[in-house]
1. Quick one: which of 241, 273 is within 21 Å of residue 357 (Cα to Cα), assigned to a helix (DSSP H, G or I) and either touching a strand residue (DSSP E or B) at 6+ places or on another chain (Cβ under 6 Å) or of a type in the set (S, T, N, Q) (or both)?
2. Which count do you get for residues in the range 309-340 that are buried (at least 24 other Cβ atoms within 10 Å of the Cβ) and small (Gly, Ala, Ser)?
3. Among the residues of the range 140-163, write down those that are hydrophobic (A, V, I, L, M, F, W, C) and either in contact with a Phe, Trp or Tyr (Cβ under 7 Å, 6 or more places away or on another chain) or not in a helix (DSSP H, G or I) (or both).
4. Go through (1) touching a residue at least 40 places away in the same chain (Cβ under 8 Å); (2) hydroxyl-bearing (Ser, Thr, Tyr); (3) out of contact with any Pro (no Cβ under 7 Å at 6 or more places or on another chain) for residue 287 and report which single condition fails.
5. Against the definition (assigned by TED's automatic domain parsing to the domain that holds residue 289, surrounded by 13 or more Cβ atoms within 10 Å (Cβ to Cβ) and on the phi > 0 side of the Ramachandran plot), how does residue 148 come out, yes or no?
6. Among all residue pairs at least 6 apart or on different chains, which show Cβ distances below 6 Å where the first residue, located in the range 253-270, is outside the structural domain of residue 299 (by TED's automatic domain parsing) and the second is surrounded by fewer than 24 Cβ atoms within 10 Å (Cβ to Cβ) and outside any helix (DSSP H, G or I)?
7. Here are the criteria: (1) among the acidic types (Asp, Glu); (2) farther than 16 Å from residue 387 by Cβ; (3) touching a residue at least 24 places away in the same chain (Cβ under 8 Å). Tell me which single one residue 321 does not satisfy.
8. Would the range 282-299 turn up any residue that is aromatic (Phe, Trp, Tyr) and surrounded by fewer than 24 Cβ atoms within 10 Å (Cβ to Cβ)?
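The values are calculated or read from the model by the stated rules, or taken from the named source; none is laboratory data. This one's a predicted model, so the numbers in the text were calculated from it and none came from an experiment. Here the Cβ positions follow ideal geometry from the backbone for every residue, glycine too, while neighbour counts run over all protein chains shown.
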Amino acid sequence: MGEAERLPSADGTKRLRVPRLSFFASAAAVFALDRLAKCLLEGRDGVILKGVLALTTAHNTGAAMSMLSGMPVLAGVLSLLGLAAVWFAAARLAKSRTAALCLGFVIDFFVGDPYSIPHPVVAIGKWISFFDRKLRRGNSNPKDVGRGALTVVLVALLSTVPPALLSEAAWRLHPVLYLILNAVMCWQILAARQLFKEGKKVQRALEKGDTEGARYAVSMIVGRDTDVLDEDGICRAAVETVAENASDGVIAPLCWILLFGAAGGFFYKSINTMDSMLGYKNEKYLYFGRAAAKTDDVVNYIPARLSGLYMILTAPLCGLDGKNAWRIFRRDRYKHASPNSAQTEAACAGALGLRLAGDAVYGGVVHKKEFIGDPLRQIEPMDITRAGRLMYAASLLTLALGVLLRIGAALLCF
């Protein structure tokens, strides 16, 4: 029953039936606010939460009077206000971490990574290069395993401690400053917009028939030799990197931010960047980059699998084949030297009905790789956009579930 209606009573008069949804929403808001205020009233947020408790009292009284006086619309409005107060109080409990992440995600969606703004990952890369020069002894030196591990520890600390200290200082000055600072940091950690944008560059060049332009565009986002790729190879490379980086560049950072705030996001980003710069099984980094590669496998182990599952769940929402995504995910998700990389590639290949991966050339050397997925149709440039949409859908699902879990955890703190 969506609207209030008047029903005849035994004496012939009209009585009001209040909408059930409004009543239960009101009751839930009242219960949650009362318990949350009791839980936190003595903390450093006591002054603000006294206001929340006052709103609770007003909500209780106003909602009851509205229902009794035949004004269900007002009761519904008060219910919404109460739910908004629950959100506000829960965000206070989480030190605005959830709100900052949501704001940062929105900024990334609309702004991306402008080239004119200095990016913290560049600073992380400079630290990695510095320790690479200072600590690595030479090529294929077994003693470099320990030095590589030391590099991982030092770069992780230098990438994590400053954001953590800045966040704490901002919180002590003012919660709004904390929110703004952490939103900016979350924005710079996430790479969804930039990944989608770089993929679109490849797609537009292919659609124009500009193979050389597409080859150059894809060389900006992949590590393989692109001069040997034909148009289908260029398209596959772009789809693969969008699929793989859906986890590395978006969903995994979201998970780490949800758990540990922006500092956790920077920790993950430092490990992932070290893996991309040092984690090669070549003569130069076979020993020195081993710790970076293994650490990246650990920190991305759960996020990579969640990313694949979220892609499967959201594939039907993008007009793609969710059932085939699940089938290929189960069959092909370990067909890669890394335990994590094929998780999202398999889900994406199945959703699109494509065969991805296969042999690739790095530094003039052919590396044998298994195929992922079945060639149910010919790949086309539009598949790059489809992969990008799937990446965004899975990212939004990650964010939504993370926000709900954090708010739930806040309400169950007692």
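1. 241
2. 2
3. The first filter runs over the range 140-163 and keeps only residues hydrophobic (A, V, I, L, M, F, W, C), leaving 145, 149-150, 152-158, 161.
Selection gives 145, 154, 155, 156, 158.
4. Of the numbered conditions (1) touching a residue at least 40 places away in the same chain (Cβ under 8 Å); (2) hydroxyl-bearing (Ser, Thr, Tyr); (3) out of contact with any Pro (no Cβ under 7 Å at 6 or more places or on another chain), the odd one out for residue 287 is (3).
5. Answer is no for this residue.
6. none
7. Failing condition for residue 321: (2).
8. yes
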